[in-house]
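The structure appears right after this line, and notes come after that.
Taken together, the values in this text are just the output of simple stated rules run on the coordinates, not laboratory data. In this text the structure is predicted, and so the values were computed from the model without any measurement. Using ideal geometry, Cβ is built from the backbone for each residue, glycine included, and neighbour counts are taken over all protein chains shown.
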Amino acid sequence: MKDILTAPFVREMCETTANMYRLGWDERNGGNISYLLHEDEVKEYLDTDKVLRTIPLMGVNAEDFDITPLEGKYFIVTGTGKYFKNVEKDPETNLGIVRIAKGGKNIELLWGYKDGGRPTSEFPAHMMSHMARLKVDPENRVVMHCHPTNTLAMNFVHELDEKKFTHTLWEMCTECIVVFPEGVGILPWMLCGTNSIGEATAKKMADFRLVVWAMHGIYGAGKTLDETFGLIETVEKAAQIYMLICNRPRVNTIKDEDMLKLVELFGVKYRKDFLDL
Ligand code: 2HA
Ligand code: ZN
């Protein structure tokens with residue numbers, strides 16, 4: 001059996017959380033990541049018959065929720081209350097590898113949460129989002145949540161209308177419309193950590209890989225940690241430019257006709273109704 005601390009998925013989780021912390025997106029215990037692992041890759045590092053603890057979903061959150069469609073699936077997940085700042089120096093305490101138990105009501109811990117911890121408080125939103133994304137993209141493996149500074153700042157000064165918000169982001173950097181052509185979904189302020197926000201997020205995830213939680217943060221989904229990180233990074237860059245210019249007279253802009261040229265050149269399917277042509 002190979003050393004789990006050398007597993008690419010553990011290394012990548014360490015590198016990604018460190019980057020996110022460095023960028024100021026994950027203060028204190030802010031943010032969480034879940035990453036779907038293939039059984040074969042887990043088996044190279046862990047005896048999957050050896051369950052360290054069985055954790056009821058009810059214990060993760062106050063309410064029960066059903067994740068039967070994810071039965072038998074493996075995830076590496078950041079721990080509740082844990083700081084992204086600390087993942088790299090102690091992955092075994094701050095991360096866990098879990099399997100969704102038969103019946104979809106419990107999770108089986110195979111590695112990590114060494115101090116008796118559990119998965120993120122946003123586990124419902126993560127698992128529901130995985131289910132929603134897998135329906136539209138069977139290759140989706142990552143769900144990522146964080147509190148990027150400028151994206152949040154923009155929530156306070158920009159209308160929270162999906163078309164208008166997306167359009168503004170697309171206008172801020174030439175490549176935005178190519179990186180997230182489907183746009184950005186938006187939820188109003190809601191209580192976090194609950195099944196309701198999980199259900200609402202998952203509903204948006206049917207159409208978007210990016211969902212803004214108003215005045216809280218953002219959710220991203222993708223095939224890899226890099227892709228998902230890159231999506232959030234691009235939104236955050238656009239939001240940063242918006243926050244730098246929003247109080248100044250606009251002299252130039254990227255026109256809708258220009259964005260159309262981009263999507264045609266790159267051959268991407270985009271939200272036509274989010275442009276005014
Ligand atoms: O886990 O970011 O939304 C801390 C959070 C909750
Ligand atoms: Zn949060």
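Over the chain, dividing the summed -39,500 (n - 2.57) contributions of all DSSP H runs of at least 4 residues by the number of residues returns a 222 nm mean residue ellipticity of -11500 deg cm²/dmol. For the chain, modelled as a GNM whose springs connect Cα atoms under 10 angstrom apart, the maximal fluctuation among 195, 94, 247 occurs at 247.
Computed from backbone phi, the HN-Hα couplings of region 197-202 come to 5, x, 5, 5, 5, 4 Hz, rounded to whole numbers (Karplus: 6.51 cos²θ - 1.76 cosθ + 1.60, θ = phi - 60°; Gly and Pro given as x). Amide H contacts under 5 Å for residue 186: 212, restricted to partners 5 or more places along the chain or on a different chain, H placed in the peptide plane at 1.01 Å from N. For residue 237, a cut-off of 14 angstrom between C-alpha atoms picks up these aspartates and glutamates, skipping any fewer than 8 places away in its own chain: 171, 175. Other residues lying with their Cβ under 11 Å from the Cβ of residue 25 contribute a combined charge of -3, Lys and Arg counting +1, Asp and Glu -1. Normalising the average separation of contacting C-alpha pairs (under 8 angstrom, six or more residues apart) by the number of residues puts the relative contact order of the chain at 19 percent.
Computed from Cα positions, the angle between helix 225-245 and the longest principal axis of the chain comes to roughly 40 degrees. Relative to the longest principal Cα axis of the chain, at what angle does helix 123-136 sit, 0 to 90 degrees, rounded to 10? Orientation of helix 123-136: about 70 degrees from the principal axis. The slack between residue 199 and residue 136, meaning 0.36 nm per residue of separation minus the straight C-alpha distance, is 21.1 nm.
Taking the beta-carbon count within 10 Å as an exposure proxy, list 136, 184, 263, 179 from fewest neighbours to most.
136, 263, 179, 184
Among 127, 215, sorting on how many other beta-carbon atoms sit within 10 Å of each Cβ, with the fewest leading, yields 215, 127. Taking 0.36 nm per residue of sequence separation and removing the Cα-Cα distance, the residue 251/residue 15 pair yields an extension gain of 81.0 nm.
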